[in-house]
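Q: Once you've had a glance at the structure underneath, I'll fire off some questions.
The values are calculated or read from the model by the stated rules, or taken from the named source; none is laboratory data. What you see is a predicted model; the values in this text were computed from it and never measured. Here the Cβ is made from the backbone with ideal geometry for all residues, glycine too, and neighbour counts use every protein chain on show.
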Amino acid sequence: MRLILVRHGETEWNKEFRLQGTSDVHLSALGRRQARQLAEWLPDKPDRIFSSPLLRVREFAAPLAERHGLPVEIIQDLREMSFGRWEGLRYADMEPVDRELFEKWCLDPVHTLPPGGEPAAALGERVARFLERISEELAAEEVAVAVTHGGIIRTAVTLAMQMPPAAAGRMQIYTASVTILDYYASAWHLVKLNDTCHLAN
């Protein structure tokens, strides 16, 4: 079974370096173009397409679903983590106390909590739940695409590879990138990480 994890394309807030979290933000013009590029490039024909409920992800998944004539299955567990009161802010907009906490969170997201945000442990639990569901529901020859967020993909790779939770904070996942996990012999195997070759042109 193959799970293709795709991060949504660029949004206006990505361009402005604002924290998005669970805020609903539209794709930018570039993000919409990235969605079309991904849909045209994807070499594996998916059997199922899953999506975060957030707007930017649903917009990104739409061209892929249309191309393959598949419904988009909304999965709540694929939503991005909440950044609480940091959402919509740039680092430059933060109060000094929040800047200090944000820097600490960047270095140690496992033990640092954004004010009013989602704990890393809760994020890990729902990503683990999704991975377990996929491994049980899909047949060995099936391919699923999950269009989601950077935090979800980092956490999924960390869990699949049995890495320390803190490793997720040291993993870069670009907008519109592709990460592939295969499941066989009762274990996940990392095939591709943060691939953006389909965006070359």
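Q: Name the residues in segment 1-60 that are crowded, with 21+ Cβ neighbours inside 10 Å, among the β-branched types (V, I, T) and touching a Phe, Trp or Tyr at 6+ places or on another chain (Cβ under 9 Å), would you?
A: V6
Q: May I pose another question? Pick from segment 168-190 the residues that are among the hydrophobic types (A, V, I, L, M, F, W, C) and free of Cβ contacts under 8 Å to residues at least 12 places away in the same chain: which of them is surrounded by the fewest Cβ atoms within 10 Å (Cβ to Cβ)?
A: A185
Q: Considering only residues of segment 124-158 that are in a loop (DSSP other than H, G, I, E, B) and among the acidic types (D, E), which is farthest from A185 (Cα to Cα)?
A: Of everything passing the filter in segment 124-158, E142 is farthest from A185 (Cα to Cα).
Q: Out of curiosity, is D93 over 12 Å from the mean Cα position of the chain (by Cα) and not hydroxyl-bearing (S, T, Y)?
A: Yes, satisfied.
Q: Looking at this structure, is T179 in contact with a Ser or Thr (Cβ under 6 Å, 6 or more places away or on another chain) and farther than 24 Å from L89 by Cβ?
A: So T179 does not fit the description; no.
Q: Okay, moving on. Being of a type in the set (G, A, S) and either more than 18 Å from the chain's Cα centre (by Cα) or part of a helix (DSSP H, G or I) (or both) is the filter here; which residues of segment 96-118 pass it?
A: G116, the sole residue that qualifies.
Q: I would also like to ask the following. Can you name the strands (runs of 3 or more DSSP E) wholly within segment 1-89 that have at least 2 residues being within 12 Å of the chain's Cα centre (by Cα)?
A: Once the strands (runs of 3 or more DSSP E) in segment 1-89 are filtered for at least 2 residues that are within 12 Å of the chain's Cα centre (by Cα), what remains is 2-7, 48-51.
Q: When the residues of segment 146-167 are filtered to those that are within 19 Å of L107 (Cα to Cα) and more than 11 Å from the chain's Cα centre (by Cα), which remaining residue is surrounded by the fewest Cβ atoms within 10 Å (Cβ to Cβ)?
A: Applying the filter and picking the extreme gives P164.
Q: Are there any pairs with C-beta distances below 8 angstrom linking a residue in segment 10-39 that is without any contact (Cβ under 8 Å) to a residue 60 or more places away in the chain and more than 15 Å from S52 (Cβ to Cβ) to a residue that is among the β-branched types (V, I, T) and surrounded by 17 or more Cβ atoms within 10 Å (Cβ to Cβ), with the two at least 6 apart or on different chains, and if so which?
A: Cβ pairs passing all conditions: E12/V25; S28/T11.
Q: Please specify each residue of segment 14-29 satisfying the condition of being of a type in the set (G, A, S) and touching a strand residue (DSSP E or B) at 6+ places or on another chain (Cβ under 7 Å).
A: If the condition is that a residue be of a type in the set (G, A, S) and touching a strand residue (DSSP E or B) at 6+ places or on another chain (Cβ under 7 Å), then S28 is the only one that fits.
Q: Of the numbered conditions (1) surrounded by 16 or more Cβ atoms within 10 Å (Cβ to Cβ); (2) hydrophobic (A, V, I, L, M, F, W, C); (3) free of Cβ contacts under 8 Å to residues at least 60 places away in the same chain, A128 satisfies every one except a single condition; which is it?
A: In the conditions (1) surrounded by 16 or more Cβ atoms within 10 Å (Cβ to Cβ); (2) hydrophobic (A, V, I, L, M, F, W, C); (3) free of Cβ contacts under 8 Å to residues at least 60 places away in the same chain, A128 misses (1) alone.
Q: Looking only at segment 80-109, filter to residues that are buried (at least 17 other Cβ atoms within 10 Å of the Cβ) and touching a Gly at 6+ places or on another chain (Cβ under 9 Å); which one of those is modelled with the lowest pLDDT?
A: Residue satisfying both the conditions and the ranking: P109.
Q: Consider A121 against the criteria (1) within 14 Å of the chain's Cα centre (by Cα); (2) farther than 14 Å from V6 by Cβ; (3) assigned to a helix (DSSP H, G or I): it satisfies all of them except one. Which criterion is unmet?
A: (1)
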